[in-house]
Every structure is written in C-alpha cells, then in structure tokens.
Amino acid sequence: MKTMPINGATRLYAIVGMPVTHSLSPVMQNAAFRSTGINGAYVPVPSEDIEKTVQGLRALGFGGASVTIPHKETVMACVDRLDPVAREIGAVNTLAFEQHPDTGEVVCVGYNTDWMGSNLALAKEIELKGSSALVLGAGGAAKAVAFGLLEAGASKVFLANRTLQKAVALAEELGSDFVSLADIDQVDADILINTTSVGMTPHIDNSLVPKEYLSRYAVVMDIVYAPLETRLLKEAKASGCRTVDGLAMLYYQGLAQFKIWTGVEPPVSVMRDALLQELERRQ
Ligand code: NAP
C-alpha cells in the first residue's frame with residue numbers, strides 16, 4: 001500500500017472521545033488521504049475534557065476532528081459556529097477548523113454527518129419517504145437517525161428508550177412519537193433501528209427486541225458495528241428482514257466528513273475496502 005510521508009506540511013485530523021483506541025475511523029480516513037494524495041493524517045486522541053481538547057486541536061493547527069462518545073452534545077458549547085443542521089439535531093460529530101479567507105482567523109465549525117450516514121445506509125434497502133420507523137435509543141446517535149428519517153420524509157417515527165423521559169423529550173423536540181420499551185410490541189413500522197450500545201462487544205448476547213417481534217419489519221438496522229452482525233441482526237435475518245449493519249452508517253458519515261475537511265470527493269471504494277480489511281484483520 002502507498003504510504004504518505006509525514007512532514008512539516010502534513011495537516012492533522014483527529015477522532016476525539018473516550019474510548020477511541022478501537023475506532024475504525026483512522027483506517028478509513030488515512031486510506032482516503034493516501035489514495036487522494038492529500039498530505040493529511042488522522043489520529044485517535046483520547047479526550048476526557050472536550051473543551052481543553054478543542055483548544056488543544058486549534059492551538060496545534062489541526063484541520064478537523066470526528067467527535068464521538070461522550071462528547072457529541074457537550075462539544076456544541078466549544079465551537080465558534082454551528083452548522084444549522086447540527087444545531088437542529090442537537091449533536092455534533094464533526095469539527096472543522098476553517099480559516100477565514102480575508103482575516104486568516106481560524107474558526108471552529110461544528111457539523112453533523114451521522115444523519116447522512118444513517119439515511120444513505122438505509123436508503124440502499126428501503127425508500128425512506130413515506131416509511132415508518134421505530135428507533136431504539138434517545139442519545140446523540142438516535143437524534144441524528146430520527147432527524148434523518150424525518151428529513152427524508154418518513155411518515156412516522158417512534159422513539160423508545162430505557163429512560164423513557166429522554167424519548168419523550170426528544171420526540172417533542174423532533175415532532176415525532178414515543179413508546180415505552182415495554183410496549184414496542186404495539187408498534188407497527190417498516191423499519192427498526194437500534195441506536196443504543198446494547199449488543200456491543202463484550203455483551204454480544206444482548207438485544208432489546210424479542211425475536212418474535214422482528215418479522216413485522218421490512219428492514220432492521222443496528223448501528224453497533226462491533227460485532228458487525230449483532231444478535232439483533234442475526235435474529236432479524238432469520239426472521240426474513242433485510243438488514244443493515246453499523247459499518248454502513250460509519251462509512252457513509254465518514255465520506256461526508258472527508259468532503260467537509262478537504263473539499264475533495266471521497267474515494268468511496270478505497271474507504272470501504274480499508275474498513276472491511278481492518279475488520280477482517282481484527283477478527
Ligand atoms: P449516547 O448518547 O451515550 O446514548 C446511548 C443510548 O443507549 C441511550 O439511549 C441509552 O439509554 C442507551 N443504552 C445504553 N445502555 C443501555 C442498556 N443497557 N439498555 C438499554 N439502553 C441502553 O451514545 P450515542 O452517541 O447515541 O451512541 C450509541 C451507540 O451507537 C454506540 O454504541 C456508538 O458506538 C454507536 N454509534 C455508531 C455509529 C456508526 O456510524 N455506526 C455512529 C454513532 C454512534 P439511556 O438514555 O436510558 O441511558
């Protein structure tokens with residue numbers, strides 16, 4: 001594989017969060033830099049204090065960053081400017097340090113690409129306009145996924161969450177519906193999406209949805225990608241549903257980040273292949 005020299009002109013990008021050591025994003029973004037010949041490098045930066053981290057990235061001249069758990073909401077207070085969509089969603093997963101063309105001043109802008117990732121991943125399997133969905137979770141990812149569905153013209157979006165109050169509040173914010181986790185058998189929808197961390201390694205035997213409820217959904221997506229095939233997805237497949245794994249969302253939101261940072265069309269197949277190879281290597 002082609003390597004890029006790290007030198008004085010290399011522009012740095014980061015993934016900030018806690019934990020970040022196992023993130024797949026560095027493999028995908030570095031493959032894109034190599035393939036396009038852009039002199040950039042993308043590194044994991046473990047961060048407990050997002051305010052200090054953003055100050056540090058700015059001071060060190062970073063070009064941008066991905067933001068992950070637990071900072072997607074708190075980072076909004078650390079940016080100079082919020083993209084209107086990120087403001088509406090209430091979560092930021094992408095920072096770009098943009099230089100004002102006239103003054104040269106560096107401005108930190110917060111974007112959200114998770115909703116695009118989720119929509120593009122789902123749209124491969126189902127027409128979103130007019131479809132209905134049940135979204136499990138009410139955290140940062142749920143906000144982006146539910147926003148994306150409504151933006152694409154979904155007819156109805158139900159939110160269900162362990163802490164019901166959070167689902168109620170988010171439903172009110174987005175103008176969607178909510179249901180308690182105990183009552184999800186009452187929901188009739190085309191799409192089911194798990195946006196919680198339930199089912200993620202090491203708790204791979206967990207799922208929030210009893211398998212007998214799955215056959216009613218045409219499409220089931222799980223945004224957890226470790227493991228790639230969660231218990232929910234395995235049972236959904238066995239129930240005859242079309243399934244979408246968390247890698248698809250990760251990949252599509254990463255393509256959008258690369259475009260924001262570089263202004264260059266992302267090398268789509270290079271980024272996807274890099275992710276798949278890394279996953280294979282880890283297994
Ligand atoms: P978050 O804001 O911390 O929200 C976590 C959500 O999971 C909350 O709704 C929480 O419910 C729920 N939850 C956690 N443990 C649970 C349990 N044991 N039982 C029931 N519900 C539980 O996190 P996030 O940013 O939304 O991320 C959630 C997951 O999505 C993570 O695994 C993350 O890696 C993944 N993700 C994937 C992608 C991708 O591109 N594939 C993108 C973003 C996120 P409570 O409100 O009751 O605590």
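Looking at this model, which pairs from 129/211; 72/166; 234/259; 124/156; 129/166; 52/259 are more than 24 angstrom apart at the alpha-carbon? With Cα atoms farther than 24 Å apart: 129/211; 234/259; 129/166; 52/259. Taken as Cα centroids, segment 133-181 and segment 1-24 sit 33 Å apart, rounded to the nearest whole angstrom.
Between residue 159 and 135, 177, 178, 179, the built amide H atoms are under 5 Å apart, and every one of these is 5 or more places off in sequence or on another chain. Dipole magnitude for segment 143-223: computed about the Cα centre from +1 point charges on Lys and Arg Cβ and -1 point charges on Asp and Glu Cβ, it is near 160 debye. With a cut-off of 13 Å between beta carbons, the residues surrounding residue 122 carry a summed charge of -4, where Lys and Arg count +1 and Asp and Glu -1. Per-residue Karplus couplings for segment 274-281, computed as 6.51 cos²θ - 1.76 cosθ + 1.60 with θ equal to phi - 60°, are listed in order as 4, 5, 5, 5, 5, 4, 4, 4 Hz, Gly and Pro entered as x.
The simple Förster model, with R0 at 22 Å and r as the Cβ-Cβ distance, assigns residue 58 and residue 103 a FRET efficiency of 0.90. Extension gain for residue 216 to residue 123 (0.36 nm times residue separation, less C-alpha to C-alpha distance): 31.6 nm.
Annotation: the residues 259, 124, sorted from fewest to most other C-beta atoms within 10 Å of their own C-beta, follow the order 124, 259. The HN-Hα couplings worked out from phi for segment 151-163 by the Karplus form 6.51 cos²θ - 1.76 cosθ + 1.60 (θ = phi - 60°) are 4, 7, x, 4, 7, 8, 10, 9, 10, 10, 8, 3, 8 Hz, whole numbers, x standing for Gly and Pro. In this simple spin-label approximation, residue 273 and residue 23 carry label points 7 Å from Cα along the Cα→Cβ vector, and these lie 2.5 nm apart. A simple charge model with +1 on the Cβ of Lys and Arg, -1 on the Cβ of Asp and Glu and nothing else charged puts the dipole of the chain at about 660 debye relative to its Cα centre. With θ taken as phi - 60° and the Karplus curve 6.51 cos²θ - 1.76 cosθ + 1.60 applied, the whole-hertz 3J(HN,Hα) list for segment 169-178 is 5, 5, 4, 5, 4, 8, x, 10, 10, 9 Hz, x standing for glycine and proline. Fewest neighbouring Cβ atoms within 10 Å first, the residues 203, 71 line up as 203, 71. Rounded to the nearest 10 degrees, what's the angle between the helix 25-36 long axis and the longest principal axis of the chain, both from Cα atoms, 0 to 90? With both axes taken from Cα atoms, the answer is about 50 degrees. Counted by neighbouring Cβ atoms within 10 Å, the residues 184, 15 run from fewest to most as 184, 15. Would you mind pulling out the separation of the Cα centroids of segment 247-283 and segment 47-105, in Å? Measuring centre to centre over Cα atoms gives 21 Å. Were the residues from residue 48 through residue 206 laid out at 0.36 nm apart, the gain over their Cα-Cα distance would be 54.1 nm. The calculated 222 nm mean residue ellipticity attributable to helices in the chain amounts to -11000 deg cm²/dmol, summing -39500 (n - 2.57) over DSSP H runs of n ≥ 4 and dividing by all residues.
Where a number appears in this text, it was derived from the coordinates with a stated rule and is not lab data. Not measured: the values here are computed from a predicted model. Cβ coordinates were reconstructed from backbone atoms using ideal geometry, including for glycine residues, and neighbour counts include every protein chain displayed.
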